[in-house]
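Written out below as structure tokens is the structure these notes cover.
The values are calculated or read from the model by the stated rules, or taken from the named source; none is laboratory data. Just so it is clear, the structure is predicted and the values come from calculations on it, not from any experiment. Here the Cβ positions follow ideal geometry from the backbone for every residue, glycine too, while neighbour counts run over all protein chains shown. Accessible surface areas use protein heavy atoms only, side chains included; no ligands, DNA or RNA. Shrake-Rupley method; radii C 1.70, N 1.55, O 1.52, S 1.80 Å.
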Amino acid sequence: MARGRFISLEGGEGAGKSTQLKRLASALRARGLDVVETREPGGSPGAEAIRTLLLEGEVDRWTPETEALLFAAARADHVARVIRPALDSGRWVLADRFIDSSLAYQGGAGGVGMADIMTLHGIGSHGLLPDRTLLLDLPQGDAASREAARDGDNRDRFGRKDGAYHQALAAAFRALAEADPARFRTVDATGAPEAVTSRLLAALDDLG
Ligand code: TMP
């Protein structure tokens, strides 16, 4: 049986990842593919329990290092219990965030460093990387207003960090995409949802 394809969606807050993940999954199913939709942190019962620890509480509840370890632990469970088995049985996996979020948030913006994040990923998830990572690109102001409209005061610990943090984050994602052009596609997330989905599908054309 052919191994399935692993696709991650990445980007800052408010870029429309969750909506686009659902739209992309339906479009791929319409082409006859068996698609699993999942998210991080979370995606398996153990990882969802860790998600609650990570997203609730005060902004400074965890140091960036502790956060990096918790995200890596959640990812290890998610990969072992959900992602690898799905890929091995020929299914396509669409993940709302994966390792690049740890690289950008904890590694870049949080200051832990990319090399240490990859070491944790090697231990936890045997270094599994997506076949394609779609980076949803939205101007900072648009993202902030979409997020405020959606979440108001209910933003999670990361959504409540300041503007400088979010700028560092956007720069870290851009640098990741530039460093690995074979895996990444940066997709314009402005405009109608249908238009964004078409761009995302086009960015998967070469995956077969
Ligand atoms: P989301 O459901 O809005 O994507 O929330 C997840 C939050 O966790 C988001 O603010 C990004 C953050 N995050 C990290 O900091 N590192 C990671 O590895 C992942 C997967 C998410």
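In debye, nearest 20: dipole of segment 2-62 around its Cα centre with unit charges on the Cβ of K, R (+) and D, E (-)?
On the way: 10 positive and 9 negative charges, 110 e Å.
Once rounded to the nearest 20, the dipole reads 520 debye.
Which of rounded, prolate, oblate describes segment 1-48, given a ≥ b ≥ c as roots of the alpha-carbon gyration tensor eigenvalues and a/c under 1.5 marking rounded, otherwise prolate only if a/b is larger than b/c? Spell out each step's value before the answer.
On the way: a/c = 2.16, a/b = 1.25, b/c = 1.72.
It comes out oblate by the Cα gyration axes.
Sorted by packing (mean other beta-carbon atoms within 10 Å per residue), highest first, where do 185-197, 120-132 land?
Descending mean neighbour count gives 120-132, 185-197.
Can you give me the % of accessible surface on segment 11-57 that is carbon or sulfur? Probe 1.4 Å, all protein chains present, nothing else counted.
Details: 1090 of 2050 Å².
About 53 percent, which is the carbon plus sulfur part of the accessible surface.
Might you report the magnitude of the Cβ-based charge dipole of the chain about its Cα centre, with Lys and Arg at +1 and Asp and Glu at -1, to the nearest 20 debye?
Magnitude of the dipole: close to 640 debye.
In square angstrom, what is the accessible area per residue of segment 33-147 with a 1.4 angstrom probe?
Result: 41 Å² per residue.
For segment 65-208, which whole-number percentage of the solvent-accessible area (1.4 Å probe, protein heavy atoms only) is attributable to carbon and sulfur atoms?
53 percent
Of all the C-alpha pairs in segment 70-133, what % are more than 12 Å from each other?
67 percent
Using only Cα atoms, locate the centre of segment 29-80 and the centre of segment 165-208, then give the distance between them in Å, rounded to an integer.
21 Å
As I understand it, the dipole of the chain uses +1 on the Cβ of Lys and Arg and -1 on the Cβ of Asp and Glu, about the Cα centre. Which of 101, 169, 83 lies farthest toward its positive end?
83
What Kirkwood Rh does the chain have if only Cα atoms enter the pairwise 1/r average? Answer in Å.
Radius from the Kirkwood sum: 17.2 Å.
How long is segment 1-97 along each principal axis, judged by its Cα atoms, biggest number first, in Å?
Principal extents (largest minus smallest coordinate, Cα): 45, 28, 18 Å.
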